[in-house]
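What follows is a short report on a single structure.
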Amino acid sequence: MNYCSNCKVTIYDERNSCPLCHKMLEEVGDERAAAVAEQYGLGMRYPNVRGRERRIRFVMHLMLFCFVLVGIVAVTINWIFTPTVYWSLIVCVALAYTYLFIVYWIRHDAGAAFKVGMQIFFTMALLYGIDHFTGAHGWAVEWAIPGLILLGDGMVFFFMMLNRQNWYSYLALLLLMGLCSAVIFGLYLTQHIRNLILPVACILVTGIYLAATLVFGDRQFTRELKRRFHV
Amino acid sequence: MSKENNILWDKLDNTALLFPVIASENMTNVYRISAVMTEEVDRVLLQEALNRILPHFSVFRMCLRAGMFWYYFEENRKAAPQVRQEYAFPGAYINRSQNHNYLFRVTYYGRRINLEVFHVLTDGFGGIVFLKELVYQYLRLKYPEEFSGEKDRISSDVYFDKEDSYLKNYRKPVGERKKYKSSQAVTVQGEKLSGGALGVIQGTMRIDLLKAACKKYGVTINQYLVGALTYAIYKGYLHERGSEDPIACCVPVNLRPYYQSHTMKNFFAMVAAEFVPEERLEKYSFAEVLAITTKSLKEQITKENLDDIITYNVSNEQNFILRLVPLAIKNIAIKQVYEASRHNSTTTITNIGNVELREPYRRYVESFSCLLAMSAGQNLKASVCSYNGMLTVNFSSILQDTSIQKCFFQTLTADGVEVVIQTNAVYEDH
């Protein structure tokens, strides 16, 4: 226990200078220390949590550095060996996308369903962008995006089974898959997509899945909708 | 349909609507209330105590979900959050997808039990009620023989009321709506502590000495502390120079006594004690500043003004067209409004009042304290709590400079109040 003669305060901390005015502290005698403890209690120090915070920051910085390094290596190889095709741009976009999503998954506190929904949505956008950038062959909407929707259905099923008690919390994600399936099927009907199998598979799988949750979910289904859409 | 399948859910109260939108790692909107025991805390017993009391507190047994138009609470059926040894700076962000999805955490360190609550759940009143019951239950488990006469149940003075008292006391505005247009206030800025640290300086003092000091000026303890903080900013930050912008100290007012409410949800209003330091030859004395801030507070803490604040705050929520705006757009708008108003206040000083424990438990608890995390534009805040004849003022700050805290405590000691200081050891030692 110490005393600052400038601030005229007693200081519990084991330190040399006053945290308020930075003057060197005077040591308090045992008798006075006992009297202060008797009157004001013993106080309770705080843990040193800086180490943990520093470790978290270091890991985040290390991850960013690794991504930047891979990006630089890709650009360098591209520049030296295939200077006419800018494939490294796709690598850089994919790296940035992956990094942002890792940070998003770690840092953002939304639930798993929301994060998966966001990831599926942005992956669709990324795939469409890559397809467009590499000559607009249409493989994104024909194959990749419907495939992603089916994957999303699978993930919803997995999450619902994993967390059966709160299965209804993944209903919004399933509705999103339903919406995406409807759009893909609409693109087939308007002949923007020629491949029949995947749009039909999407609309059937998601539709059956939605119908099953509606029937077996009983009133939980409508209650979840009521909660989600309350005004 | 069995009751088991019927998930309880609830709307957020009027104040809580803001918190999920603006909360982030840097602006956590988490407050901490701590109880220092007389003996080391036993983690297993504390966990057991939490497991036993949590089922009674439906306000705390919630998780936050996003709907199409609003956030809402949904009953959380997971096990109670894990009690852990203190591992982060006080008031650290509560991640909604961790901690078993609960919006509060219980930590301990040595003899201290910490309850950290995301403000969306409840204010300091609700936090204190919960912590007291946690402490009672913990002590019953720790000393079964001493408390053999005490039943394992929640105290009879606890209300489990969870009404939205803002809505209940909202009156439709008659005539033109009163507008609260705040001007820019002094912002306390400076070099920040490294590594995202939050500095804590806690001062403990005797209430009888503080009351004697207050008596000299004819003010209450609250008014005195608000005046002392304003003066400390004037002296320690502005260096007794004039300023066109006011020093605005926000003071949360517990509305329950004014509206006979016992709600466990948020029910407070913010008023601001303002002092505009004019350029003049003579420097302001503490007595002058105290008189100005006391007058400012008195003018605002009236039933009529509090009615107006409630009406103003609730009327937007009541607007049906605004209610139909999707949450994602609401979030953007709320963030914009909040960002625009971030420089309207200098600091916040909150007083959660006097904590009283029942007689058999009192001798096992040394002190109570509370602490506020930072918010946008406010790099320093103060929290006040009293217990057993002692009052603690906790300064939380992300700034390296401690001049304001120094001036604050020096003002008190100059008035004959003995102060004992403790910090969380983030401030540089020479």
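Which of rounded, prolate or oblate describes chain A when judged by the alpha-carbon gyration tensor and an a/c cut-off of 1.5?
oblate
Name the residues whose placed amide hydrogens come within less than 5 Å of the amide hydrogen of residue B:272, ignoring near sequence neighbours (fewer than 5 apart) on the same chain.
B:251
Give the order of B:32, A:52 when sorted by the count of other beta carbons within 10 angstrom, beginning with the fewest.
Fewest-to-most ranking of B:32, A:52: A:52, B:32.
Based on DSSP H runs of at least 4 residues, each adding -39500 (n - 2.57), what is the mean residue ellipticity at 222 nm of chain A after dividing by all its residues, to the nearest 500 deg cm²/dmol?
Mean residue ellipticity, 222 nm, calculated: -22500 deg cm²/dmol.
So what is the 222 nm mean residue ellipticity for chain B from helices alone, if each DSSP H run of at least 4 adds -39500 (n - 2.57) and you divide by all residues, rounding to the nearest 500 deg cm²/dmol? Working shown, then result.
Details: 13 runs with 134 residues, N = 430.
The helix contribution divided over chain B gives -9000 deg cm²/dmol.
Please list, in order along the range A:93-110, the HN-Hα scalar couplings obtained from phi with the Karplus expression 6.51 cos²θ - 1.76 cosθ + 1.60 (θ = phi - 60°), rounded to whole Hz, x for Gly and Pro.
Along the range A:93-110, the couplings run 5, 5, 5, 4, 4, 5, 4, 4, 6, 5, 4, 4, 5, 6, 7, 6, 9, 5 Hz.
If we count other beta carbons within 10 Å of each Cβ, what is the order of B:104, A:81, fewest first? Working shown, then result.
On the way: B:104 24, A:81 8.
Arranged by neighbour count, lowest to highest, B:104, A:81 become A:81, B:104.
At residue B:163 and residue A:164, where each label point lies 7 Å from the Cα along Cα→Cβ, what is the point-to-point distance in nanometres?
Here the answer is 4.2 nm between the modelled labels.
Could you list which residues have their amide H under 5 Å from that of residue B:390, counting only those 5 or more apart in sequence or on another chain, with H placed in the peptide plane?
B:207
Where does each of B:274, B:191, A:142 land when they are ranked from fewest to most other beta-carbon atoms within 10 angstrom?
B:191, A:142, B:274
Residue B:381: which lysines have alpha carbons under 20 Å from its alpha carbon, excluding same-chain residues fewer than 8 sequence positions away?
Within the straight-line limit of under 20 Å, residue B:381 reaches these lysines: B:192, B:235, B:406.
Report ³J(HN,Hα) in whole Hz for each residue of the range A:20-28, in order, from the Karplus equation J = 6.51 cos²θ - 1.76 cosθ + 1.60 where θ = phi - 60°; Gly and Pro get x.
Calculated HN-Hα couplings, in order: 8, 10, 6, 6, 4, 8, 9, 6, 8 Hz.
Please report how far the C-alpha centroid of the range A:118-147 lies from that of the range A:93-107, rounded to the nearest whole angstrom.
Value for the Cα centre distance between the two parts: 18 Å.
Alpha carbon centre of the range A:162-231 versus the range B:20-90: separation in Å?
What the calculation gives is 34 Å, centre to centre.
Work out from phi, with θ = phi - 60° and the Karplus expression 6.51 cos²θ - 1.76 cosθ + 1.60, the ³J(HN,Hα) of each residue of the range B:358-372, listed in order in whole Hz, and give x for Gly and Pro.
Working through the residues one at a time gives 5, 3, x, 8, 4, 6, 9, 10, 7, 7, 10, 8, 9, 7, 9 Hz.
Helix by helix, which DSSP H runs in chain B go 20 Å or more along their axis at the Cα atoms and have an average Kyte-Doolittle hydropathy of -1.0 or more?
B:124-142, B:221-236, B:286-300
Bear in mind these aren't lab numbers, they're just calculated from the coordinates by the rules spelled out. This one's a predicted model, so the numbers in the text were calculated from it and none came from an experiment. Cβ sites come from the backbone with ideal geometry, for glycine too, and all protein chains shown count toward neighbours.
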